[in-house]
Amino acid sequence: MGYNGDMSVALMVLGLVLFIGLVIIHEYGHFIMARRNGVEVEEFGIFFPPRLKGWKTKHGWIFSINWLPIGGFVKLKGEHDVDTEPGSMGAASVWGKTQIMAAGVVMNLIAAYVLLVLLALVGMPHIVDNQFIIKHDAAYVEHARTYVIAGTIERGSPADKAGIKEGDIIVAAGAAGHLMSLANANQLPSITQQYAGKTLTVQYRQDDTSPVQEKTVQLRSAAEVDHLKVLGKNAGYLGVGVDESRSGVDIVRSTWSAPVVAAGTMWQFTALTFQALGKALAGIAGIVAGFATHNTVARQAAQTEASSQVAGPVGIFFVFKYGSALGIRFILLIVAILSLTLGIMNILPIPALDGGRLWLMLFTRAIHRPLSPEREEAINAAGFAFLMGLIILITVVDVRRFF
């Protein structure tokens, strides 16, 4: 399925709008559960301050749009755990606070599940190996295309004489009238060995849109190849190295199993997210160890490993930019995965995020030692500063990666 430039831009914009929608959905979860538990909302903010624009609603709370595009927030009355004023967050029950803090995560998980059910029904892109399906209810809407790409061309070889250039797409090969279309790179060596010393017809093109060229060449014989190898030359019958390139993705549609496929896909990507987090943390540890031991090679290797597992606002923009060429299904899958990831990250015990605040509250209540407002603010401020520093670092890495 092809998309022109205007459609790609429209899909990229749609992806970014839906991503902002994930933030709104997340914060709306906090908003609605706070009001249901009698906690007064002071501000509903899209992105992080400083404030760009704010509007006061008839119910007394402020809806704001802020400058830093890295999330959102709902500001509640009396957010310190020791606050006791009626209508404050601190005065809510432990169960009420748990509902409020976890509501954003629940909303993101619901959004991810709904999107994945929809995608399973209309056709879900498969972007990881062995992506979850129910085999008896899986129909392929599209298949990824695999191209056999010419690599190094031996000077004076049959491939060189045929005019094949490095980077050309080799479409088919075989005897005249009995050409075999190439679906993978392993087929060409097998064919050239079969026709060693004989004439071979080769079809190739410069790129996916250029016309197919057809040439007939005389292949080297087995004796010629053996002789060249004795002389220390890495020679082949046709004289071209080959590799594979994939275009597009497999798209699989389900019917009755769509809810099951969505749940299985969420479980699979949750596991992959934790694997990526583990690699990122190991990379960060490697960076610290590299600095401590003055091992530049180890530090750079760890930095590469850590940065390959994460993306910030710039990285997300480019994911939507490049993903838009693959169509609306791919954009919706990205949004679903981002929603799932937001849910996962916000349930982890990371200070300043929902999970950090939730687990800190539950822990202090369990040991019957609630934190003072000063200490609670210090912990959350330290966590927020760490997150801001991490986001700045990731943004620098993304800029280097994409520009």
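The values are calculated or read from the model by the stated rules, or taken from the named source; none is laboratory data. Keep in mind the model is a prediction, meaning the values are calculated, not measured. Backbone-built Cβ (ideal geometry, glycine too); neighbour counts: all protein chains shown.
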Inset, instruction - Determine which member of the set E43, E79, E85 is closer than 20 Å to P373 by Cβ and touching a Phe, Trp or Tyr at 6+ places or on another chain (Cβ under 8 Å). - result: E43
Inset, instruction - Name the one entry in A172, A150, A183 that is aliphatic (A, V, I, L, M) and either assigned by TED's automatic domain parsing to the domain that holds L332 or not in a strand (DSSP E or B) (or both). - result: A183
Inset, instruction - Among the residues of region 207-242, write down those that are surrounded by 14 or more Cβ atoms within 10 Å (Cβ to Cβ) and either of a type in the set (V, I, T) or assigned to a loop (DSSP other than H, G, I, E, B) (or both). - result: V217, L219, R220, V225, A235, G236, Y237, L238, G239, V240, V242
Inset, instruction - Taking the residues in region 301-345 that are touching a helix residue (DSSP H, G or I) at 6+ places or on another chain (Cβ under 6 Å) and of a type in the set (F, W, Y) as candidates, determine which candidate is modelled with the lowest pLDDT. - result: F318
Inset, instruction - Would you check if there is a residue in region 86-102 being more than 27 Å from E27 (Cβ to Cβ) and assigned to a helix (DSSP H, G or I)? - result: no
Inset, instruction - Could you list all residues from region 54-72 that are at pLDDT 90 or above, part of a strand (DSSP E or B) and either assigned by TED's automatic domain parsing to the domain that holds R35 or not hydrophobic (A, V, I, L, M, F, W, C) (or both)? - result: G54, K56, S64, N66
Inset, instruction - Test each condition in (1) more than 26 Å from V335 (Cβ to Cβ); (2) out of contact with any Lys or Arg (no Cβ under 6 Å at 6 or more places or on another chain); (3) in contact (Cβ under 8 Å) with a residue 12 or more places away in the chain for R35 and report the one that comes out false. - result: (3)
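Among the residues in region 72-80, are any out of contact with any Lys or Arg (no Cβ under 6 Å at 6 or more places or on another chain) and loosely packed, with under 14 Cβ neighbours inside 10 Å?
No, because not a single residue in region 72-80 is out of contact with any Lys or Arg (no Cβ under 6 Å at 6 or more places or on another chain) and loosely packed, with under 14 Cβ neighbours inside 10 Å.
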Inset, instruction - Look at region 73-85 and say how many of its residues are in contact with a helix residue (DSSP H, G or I) (Cβ under 7 Å, 6 or more places away or on another chain) and part of a strand (DSSP E or B). - result: 3
Legend entry - Tally of residues being over 12 Å from E40 (Cβ atoms) and either hydrophobic (A, V, I, L, M, F, W, C) or not assigned by TED's automatic domain parsing to the domain that holds L371 (or both) across region 81-91: 1
Legend entry - For R35: the one exception among (1) within 30 Å of G389 (Cα to Cα); (2) in the same structural domain as L332 (by TED's automatic domain parsing); (3) among the charged types (D, E, K, R): (1)
Legend entry - Criterion (closer than 28 Å to M361 by Cα and under 26 Å from the mean Cα position of the chain (by Cα)) met by exactly one of G29, G87, G60: G29
Inset, instruction - Test E40 against the stated conditions and say whether it is surrounded by fewer than 20 Cβ atoms within 10 Å (Cβ to Cβ), without any contact (Cβ under 8 Å) to a residue 40 or more places away in the chain and touching a Gly at 6+ places or on another chain (Cβ under 9 Å). - result: no
Inset, instruction - Test each condition in (1) surrounded by fewer than 18 Cβ atoms within 10 Å (Cβ to Cβ); (2) outside the structural domain of G21 (by TED's automatic domain parsing) for V94 and report the one that comes out false. - result: (2)
